1. Inspect region 337-346 for any residue being part of a strand (DSSP E or B), in contact (Cβ under 8 Å) with a residue 40 or more places away in the chain and closer than 18 Å to residue 367 by Cβ and give the result as yes or no.
2. Look at residue 194 and say whether it is at pLDDT 95 or above, more than 19 Å from residue 149 (Cα to Cα), touching a strand residue (DSSP E or B) at 6+ places or on another chain (Cβ under 7 Å) and outside the structural domain of residue 138 (by TED's automatic domain parsing).
3. Do the conditions hold for residue 1, that is, is it out of contact with any strand residue (DSSP E or B) (no Cβ under 6 Å at 6 or more places or on another chain), buried (at least 17 other Cβ atoms within 10 Å of the Cβ) and part of a loop (DSSP other than H, G, I, E, B)?
4. Please specify each residue of region 275-297 satisfying the condition of being in contact with a helix residue (DSSP H, G or I) (Cβ under 6 Å, 6 or more places away or on another chain) and closer than 21 Å to residue 197 by Cβ.
5. Kindly provide the set of residues from region 115-149 that are out of contact with any strand residue (DSSP E or B) (no Cβ under 7 Å at 6 or more places or on another chain), free of Cβ contacts under 8 Å to residues at least 60 places away in the same chain and under 24 Å from residue 480 (Cβ atoms), ordered by number.
6. Could you please give the count of residues in region 274-295 that are touching a residue at least 60 places away in the same chain (Cβ under 8 Å) and surrounded by fewer than 24 Cβ atoms within 10 Å (Cβ to Cβ)?
7. Please specify each residue of region 14-40 satisfying the condition of being in contact (Cβ under 8 Å) with a residue 60 or more places away in the chain, touching a helix residue (DSSP H, G or I) at 6+ places or on another chain (Cβ under 7 Å) and assigned to a loop (DSSP other than H, G, I, E, B).
8. Quick test for you: out of 371, 385, pick the one residue that is assigned to a loop (DSSP other than H, G, I, E, B) and either assigned by TED's automatic domain parsing to the domain that holds residue 446 or surrounded by 24 or more Cβ atoms within 10 Å (Cβ to Cβ) (or both).
């Protein structure tokens with residue numbers, strides 16, 4: 001027997017501290033049948049779900065897939081427009097036997113702190129109580145009870161960097177298929193210890209998440225368990241539900257779900273001291289990088305973490321490397337104005353002007369750069385293998401027009417569009433061989449490790465200021481539930 005399965009997604013990680021808003025035109029939208037070729041073969045979660053649905057011989061009912069680069073609060077009109085579009089397509093396609101979604105979990109609009117909870121509730125109202133809804137979530141989602149109530153199963157990524165997105169999408173589709181086959185009803189338990197993790201401390205290879213995931217792997221051997229999701233949360237969304245979450249879904253055993261969820265929540269709390277890590281001071285890191293004898297050395301610009309909503313034009317590390325007379329270093333800066341200046345100058349000619357530090361006061365001031373324009377490109381590239389950011393752009397990436405400016409041993413890759421360092425193809429496409437660089441600045445907290453971890457001789461997490469700083473006390477939280485560690489003594 002084949003089923004009619006609706007598939008769609010709305011993806012945005014919202015940093016509510018970012019000045020300004022994310023408008024509708026920031027989203028790339030694929031609607032209806034156009035969604036299928038975009039997702040087919042992609043390493044995204046919905047790509048995995050689509051593959052599994054097609055393999056089972058079920059009928060794909062495409063809704064819409066919309067995603068935008070992490071940034072400021074979404075305008076209410078953009079959120080309502082995207083949601084209405086998805087609901088209209090679903091309404092026209094009814095009846096369906098099941099719904100598979102890809103959501104983030106930390107989407108915030110001007111008048112809605114829990115966008116995913118409302119999306120799930122609206123879809124539930126349309127399809128009715130007996131139509132199963134399963135959705136993937138980014139492990140940086142801020143899980144709410146409203147979200148849990150709206151879906152039959154929520155499947156969060158297990159890895160950060162997010163290299164298991166496709167696998168989790170397949171798992172979500174398999175769980176939906178088991179529900180449709182009448183395997184059993186599901187029971188869910190949500191536990192939220194009062195723990196707030198910076199982006200830096202959500203690396204799943206380190207505590208506190210490492211311990212919880214290790215134990216969860218053991219608990220998943222219990223055949224009564226349908227899914228265990230551990231979410232590190234997104235601390236840069238100032239909403240009541242921000243923070244760590246554990247969701248356990250079982251095949252009908254509510255008591256077991258609660259016991260397992262509580263045990264994992266207690267384990268996270270027991271390792272809460274790891275949340276205090278803020279990285280290493282800039283001057284100390286740069287001195288070590290310049291003196292290193294093995295390369296490349298990767299400097300994680302934690303505060304200007306593009307994957308967390310920062311502008312990607314921070315100059316703190318660029319300026320420090322220039323002052324230290326670093327050689328064979330690469331820094332990527334999102335600066336459309338500087339790109340235009342480089343284009344006007346032309347390849348082989350002098351560049352003389354301000355770079356970076358133009359978006360806000362969080363990430364350093366503009367730095368005067370005098371150098372030579374080495375290259376100009378269209379900024380397009382195809383990712384190599386898995387990519388933390390596959391949810392946002394599939395396989396094809398557009399950085400906008402790009403320029404490479406060489407100044408005293410440092411190459412600055414200027415881009416029109418901020419682009420996170422999720423893939424080595426970003427540098428390769430510009431004629432820069434990552435393995436041959438001595439120092440590479442990655443504007444990221446953890447996501448870069450999927451690409452740069454295998455080639456790095458050493459990695460330093462740098463305590464840079466910015467909209468994704470690991471020092472969470474720098475933010476004026478208003479809506480966040482309190483008390484919560486490490487902001488409060490507990």
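1. Looking only at region 337-346, we keep the residues that are part of a strand (DSSP E or B), and these are none.
No, region 337-346 contains no residue that is part of a strand (DSSP E or B), in contact (Cβ under 8 Å) with a residue 40 or more places away in the chain and closer than 18 Å to residue 367 by Cβ.
2. On the way: at pLDDT 95 or above: yes; more than 19 Å from residue 149 (Cα to Cα): yes; touching a strand residue (DSSP E or B) at 6+ places or on another chain (Cβ under 7 Å): yes; outside the structural domain of residue 138 (by TED's automatic domain parsing): no.
Judged against the criteria, residue 194 is not a match.
3. Working: out of contact with any strand residue (DSSP E or B) (no Cβ under 6 Å at 6 or more places or on another chain): yes; buried (at least 17 other Cβ atoms within 10 Å of the Cβ): no; part of a loop (DSSP other than H, G, I, E, B): yes.
Taking the combined requirement at face value, the residue does not satisfy it.
4. 275, 277, 279
5. Residues satisfying the conditions are 117, 121, 146, 149.
6. We begin by selecting, within region 274-295, every residue touching a residue at least 60 places away in the same chain (Cβ under 8 Å); these are 274-282, 285, 288-290, 292, 294-295.
Those left that are additionally surrounded by fewer than 24 Cβ atoms within 10 Å (Cβ to Cβ): 274, 276-282, 285, 288, 290, 292, 294-295.
The qualifying residues number 14.
7. Start the filter on region 14-40 by keeping residues that are in contact (Cβ under 8 Å) with a residue 60 or more places away in the chain, which leaves 14-19, 21, 28, 38-39.
Keeping just the survivors that are touching a helix residue (DSSP H, G or I) at 6+ places or on another chain (Cβ under 7 Å) gives 15, 39.
Within region 14-40, 15 is the sole residue that qualifies.
8. Working: 371 fails: assigned to a loop (DSSP other than H, G, I, E, B).
None of the others qualify; the one that does is 385.
The values are calculated or read from the model by the stated rules, or taken from the named source; none is laboratory data. None of these values were measured; they are calculated from a predicted model. Note that we place each Cβ from the backbone using ideal geometry, even for glycine, and neighbour counts take in every protein chain shown.
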